[in-house]
1. In Å² (nearest 100), what accessible area is buried between A and B, both sides summed, heavy protein atoms only, 1.4 Å probe?
2. When a/c reaches 1.5 or more, the comparison of a/b and b/c decides; with that in mind, is the stretch A:61-293 rounded, prolate or oblate per its Cα gyration tensor?
3. Can you order the peptides B:167-173, B:100-106, B:199-205, B:70-76 by their average number of other Cβ atoms within 10 Å per residue, highest first?
4. State which entries of A:LYS183/A:LYS212; A:LYS141/A:LYS306; A:LYS92/A:LYS157; A:LYS341/B:LYS197; A:LYS92/A:LYS300 exceed 31 angstrom in Cα-Cα distance in the structure shown.
5. Could you list which residues have their amide H under 5 Å from that of B:GLN95, counting only those 5 or more apart in sequence or on another chain, with H placed in the peptide plane?
6. Please tell me which of these pairs span more than 23 angstrom C-alpha to C-alpha: A:LYS352/B:LYS49; A:LYS151/A:LYS249; A:LYS151/A:LYS250?
7. Using amide H atoms built in the peptide plane, which far-off residues or other-chain residues are under 5 Å from A:LYS216 H to H?
8. Could you tell me how far the Cα centroid of the stretch B:108-125 sits from the Cα centroid of the stretch B:138-215, in Å?
Amino acid sequence: MIHLLRSIYYGLRSSFKSILTAFLSSFGILFIITFLIIYLSFRTSIRDFIDENLLGSLEIDEIEILPLNEKDDNVYAASSRQGAKLTIDQVKAVREMDDFLEVYTLIMLDYRVRLRGEMFGNRTSMILPFFAIEPEFFRNKMPDWEQFYYKPGRPVKMIAPKFTLVMLNNYLYFNGLPQFKIKDLKGFPMEIQIETKRPPRSIPGAEINESKDESKTHTELEVSMFNFTNITERIGAIVPMDFVTYFAKKAEVSSGRWKRGYQYLQFFARVKDIKKLPETVDKLEKLGLQVKSDRGIADKANQVMKIIDAFSITIIGILVLLTIVSIFNANLNVVYLMSHKFSLTRILGVTKIRIILTFIFEAAIVGAIYGIIGYYAGNYLFSYAADYISGFLPDIAGVKFVAQRNTEVFMLSMGLSALVSAASALVPAIFASNINLFKAVRR
Amino acid sequence: MKKNRQNNPLLAVENIHLKFGSRTILKDVNFTIEPGTITVITGKSGSGKTTLLGIISGLLRPNKGKVFYKGKNILKWGDIRRSFYRNKRIGFVFQFFNLLNDYSAFQNIILPTMFNPFAKNAAHHANELIDYLNLKNISSHHPETLSGGERQRIAIARAVINNPDIILADEPTGNLDDESAADINSLFIKLRKENDKAFVIVTHDHRIVESADYHYHLENTELTLQAPAGKKKSETKSSPKKTTAKKVTKKSVKKTAKKATRK
Ligand SMILES: Nc1ncnc2c1ncn2[C@@H]1O[C@H](COP(=O)(O)OP(=O)(O)O)[C@@H](O)[C@H]1O
Ligand SMILES: [Mg+2]
C-alpha cells in the first residue's frame, strides 16, 4: 500500500516537469474548447429561434390540407365566407385515406357571430369568424387540452390567434396599461351572440332573443378565454367542435330543414410515414387539394444548420489539427530532452507499454484540465459576445442567447480535449518507448 | 564448466555475432558467469565492451547467438519479460553514474522498485541497504551535491536494491579518483563475497582486474579468457586469486596494486 502510494508520488513528481512543458504546448486546446462552447451555444440559440419562430407550431409529420383555390396571401378571403371551402366529397375522400394517423377538421360556423367583451371599463364588440376543431387536435400542443371540450351550461372555451394577444399588448402598452401574458388571460370572460334565422331549441345557459321582425334570433352565450395559438393565420376565434355540432343541431332541427350550419375549411393531419409524404401529396392533389407542411421550412432550416455545422466543424477540425501538430512537436521535444531519462528507466526495467501509457495518461490529464478551462472561457466569451451582438443587431434580438452550461457539454469539453491531447501524445510516446536503449549506458 | 552442464550456469552467452552496419563488433563470443564471481572485461575503447553488456542485459539484440539466463534464452522473450529481467535480475552501474538529479539519493536508490510490481517493503529494504553500504549520511542529499565516489556508491545501491543475480558495471571507476576507485572496488568485493552476486565489470582499472575471478580481453571482435579456466573454477571463493590476477595483468601498472589489495 505504502509502496503503491510512493510509486504514485514519484510518478507524479517525475511527470510534473514534463506536465509544465506539455501545458505550454497544449495551449491550443484552449482555443478548440472555447470555440466549441461558443459554437454549441450559438447553435442552440439559433436552433431554438428557428424552431419557435420560423417553423410555426406544426410538427414535422403534420400537414395542412387545403382547397386548391385557397390563396395563401388572401388572409381575409381565407377567413371569410367567400374563401374556398372543401366539398363534402373531398372531406369524405380525405377521411377515408389510410395515409394518416390522425385527421382533424377545421370548420367555420355558418352564422354571424358577434364577440363582446369588456376590459378596463371599455366595452368592445365585433363581428368575427368563428372556427372550430376537435379538441384532440391540441393533445400535443396544450397540456390542458382536455378542458377544451364543451360542457352544456358552462361557458364555451375559446382559443384566439396569438397575434391578437400581441395587438392587445401593443394597445395596452401605448395606453400606459399593464401587458398580459397568456396565463393572465386564461378564463377571461366574454360573450358571443350567434345570429340564426329561427330560434334554436333550448340551450342551457343561453339567452335566446327573438327580434321583432322574426327573421332573426340572437343566442347569447358566455365564452371564456382558453388559450392562444398560431396554428392558423386565419383571423377568427376557435371553439370546440362539439359545441358547434351541438349548436347547429339545436338551431337547424328547429328550422325544420337540415342544414349543416358550418363549412369545411381545411384539415390538419398527421401522416403515418413521413417518407411516403410525396405519394400522399399526389393523392390529395388528384382530389383537387393542396398540401402545406413545415417540412419544407424545416428542411431549409436544417440545410442552413448543416452549413453552419459544416463550417464550424471545419474550423474545429483545423484547430484540432494545428493543436495536434503543435502538441506533437512539443512532445517530441520532451522526448528528446528526456531521452536520457527514458533510456535510463528502460535500462532499470520499465516496460515499453508503461512508458507509452504514462505519456498518454499525462497528456490526457493536461488535456482534461484545458477542457475545463476552455469550458469556462467559452461560456464567458459567449455571454460577452451575445450581449455585444444583440445590442448591435436589433434584428436578431429575438434570438435568446443561452450559454451552454450543462454537464453534457462540460463532459464533452473535457473528454474532447483529453482525447486531442492524448492522441497528439501517442506517436511521441511510441518514440519514447523505442528510444535507443543504450543512450544512458554509452554516455 | 563441464561439471555444470546439468545445472545451468547463471548466465551463458553462446556464439554471439554482432554487426553495426557492415562493421563487425563481436564475432563468435562465448562465456559463462557463475554466482559469487567477478568477471572482468578489458579492451580498447570502441572494441565493443559496452555493446556486450547491452547484449547480456537484453538491451541489444545480436545478429546471431544466444543468451541464456538460467538456461532460458532471453532473446526469445518479449519486451515485458525482458524488462522484468533487467529490473529484477540485473543491476547496472555506469561510468557516469546516471543518477536522476530531480531525486534525492534515497529516491534514486529506490527507483527500480517502482518498476517492480512485486517489490515489497521497498523503503525498509532501501534503509537496510543504506546502512549496509554506509550511505546514511548522504541518503537525503541530491546527487549534484555529492562527490563522484559517493554518487557511484548510490548507483551501486540502486543496482542491488531489487536483489539481482548479476551486476553489470561499465567502467565504474573510470570517472573517479584513485581513492574512490579503491573504495568502489572493495565494495564490489564485499558484495561478491557476502551476497554471492555475479559481477561483470568492464574496466581499465588494474586493481579491479587483480581482484577478479575471470579476466576476458576483447580485441578485434574476439573475446578471450586471460587465464586458465580450470584453475579458476576451484578457487572462485577463496583468496589466492591474487597470483593469477597478477599473471593476467602483467601489462597493467603495478605501482598502485597495493592499494587495491589493502582492504
Ligand atoms: N548504435 C550503434 N550504431 C553504430 N555503431 C555503434 C552503435 N553503438 C556503438 N557503435 C560502435 O560500436 C563500437 C563499439 O562500441 P562500444 O561497445 O561502446 O565500445 P566500448 O564500450 O568497448 O568502448 C564503437 O566503435 C561504436 O562506435
Ligand atoms: Mg563503453
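1. Buried: approximately 2700 Å² between B and A.
2. oblate
3. B:167-173, B:199-205, B:100-106, B:70-76
4. In this structure, A:LYS183/A:LYS212; A:LYS92/A:LYS300 exceed 31 Å between Cα atoms.
5. B:ASP170
6. Flagged as over cut-off: A:LYS352/B:LYS49.
7. A:SER211
8. Spelled out, the Cα-based centre of one part sits 20 Å from the other.
The values are calculated or read from the model by the stated rules, or taken from the named source; none is laboratory data. On a predicted model such as this, the values are computed, not experimentally measured, just so you know. Glycine gets a Cβ as well: all are built from the backbone with ideal geometry, and neighbour counts include every protein chain shown. What goes into the accessible areas is simple: the full protein's heavy atoms, side chains included, and nothing from ligands, DNA or RNA. Shrake-Rupley method; radii C 1.70, N 1.55, O 1.52, S 1.80 Å.
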